[in-house]
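These notes concern the structure reproduced below.
A short reminder: the numbers here are calculations on the coordinates, not readings from a lab. Keep in mind it's a predicted model, so treat the numbers as computed, not measured. Positions of Cβ are backbone-derived with ideal geometry, glycine not excepted, and every protein chain shown enters the neighbour counts.
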Amino acid sequence: AQSVSQHNHHVILSEAASLELGCNYSYGGTVNLFWYVQYPGQHLQLLLKYFSGDPLVKGIKGFEAEFIKSKFSFNLRKPSVQWSDTAEYFCAVNGPSNTGKLIFGQGTTLQVKP
Amino acid sequence: GAGVSQSPSNKVTEKGKDVELRCDPISGHTALYWYRQSLGQGLEFLIYFQGNSAPDKSGLPSDRFSAERTGGSVSTLTIQRTQQEDSAVYLCASSPGWETQYFGPGTRLLVL
């Protein structure tokens, strides 16, 4: 069965620090990959997605992620975080056969100190 | 435009009672999903509807859980004989196909 692993459960950074959140998935076939974000008191929103093509994808608010097929990874990065990036981040995979069903990682809580 | 809406936003019920949770997807979206978000379990897939196809029920945790989607639009998730372990946030999402899913605000269910 597919699974998604997020290595960092709780990350605390100061503003302007760089961010990298790890995500690994278990499925070896064709997958679609997503990062969703949940700001305090808000619902899940799509941050970025990878379906095919350039493995470096850019999302909203300066976030980017790199798909490395050989490592089954899709790590999320941001060069300089802001206090407003405080949120919970979820990595998710969709596959096989594009069934639509998303398998989520456990989530990473990011706290940015002003 | 209008996003995915869910009702009620909060529900408190007693153990053993039945509850119904409602989801209104984005107009025109053919796919509708239910997920559950709970402490210690993260976000779990429950059920998926795509057009007129038979739903994918592979994530439903027990036969106390059921869902239907009427007219290809509104969906209702029903939990019968609720248990305390059913306490969670129930999330609905819709998508125009199999791609990006748009999530609603969720229904927070507390079973006493």
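Tabulated values for the structure
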{"quantity": "Stokes-Einstein diffusion coefficient of the protein assembly as shown, Kirkwood radius over Cα pairs, 20 °C, 1.002 mPa s, in µm²/s", "calculated": "118 µm²/s"}
{"quantity": "Relative contact order of region A:1-63, defined on C-alpha pairs under 8 angstrom at six or more residues apart (%)", "calculated": "24 percent"}
{"quantity": "At most 16 other Cβ within 10 Å, DSSP loop - chymotrypsin sites (Phe, Trp or Tyr not before Pro), region A:32-114", "calculated": "A:Phe51"}
{"quantity": "Distance histogram in 5 Å bins (all Cα pairs of chain B, percent per bin)", "calculated": "2, 13, 24, 27, 18, 10, 4, 1"}
{"quantity": "In order through region A:38-44: 3J(HN,Hα) via Karplus (6.51 cos²θ - 1.76 cosθ + 1.60), integer Hz, x for Gly, Pro", "calculated": "10, 6, x, x, 10, 8, 4"}
{"quantity": "Sparse-neighbour loop sites [GluC sites (Glu not before Pro); region B:1-104; at most 12 other C-beta within 10 Å; DSSP]", "calculated": "B:Glu14"}
{"quantity": "Candidates B:Leu39, B:Leu91, B:Leu21: whichever shows maximal mean-square fluctuation once chain B is modelled as a Gaussian network with Cα springs under 10 Å", "calculated": "B:Leu39"}
{"quantity": "Interatomic Cα distance distribution for region A:45-105, bins of 5 angstrom, percent", "calculated": "4, 15, 26, 26, 18, 8, 3, 1"}
{"quantity": "Rg/Rh (Cα only; Kirkwood hydrodynamic radius) as it applies to region A:1-65", "calculated": "0.97"}
{"quantity": "Normalised contact order of chain B, rounded percent, pairs of Cα under 8 Å and 6 or more residues apart", "calculated": "38 percent"}
{"quantity": "Descending semi-axes in Å of chain A, equivalent ellipsoid built from Cα gyration tensor", "calculated": "24, 14, 12"}
{"quantity": "Percent RCO, i.e. relative contact order, over chain A, from Cα pairs under 8 Å lying at least 6 residues apart", "calculated": "37 percent"}
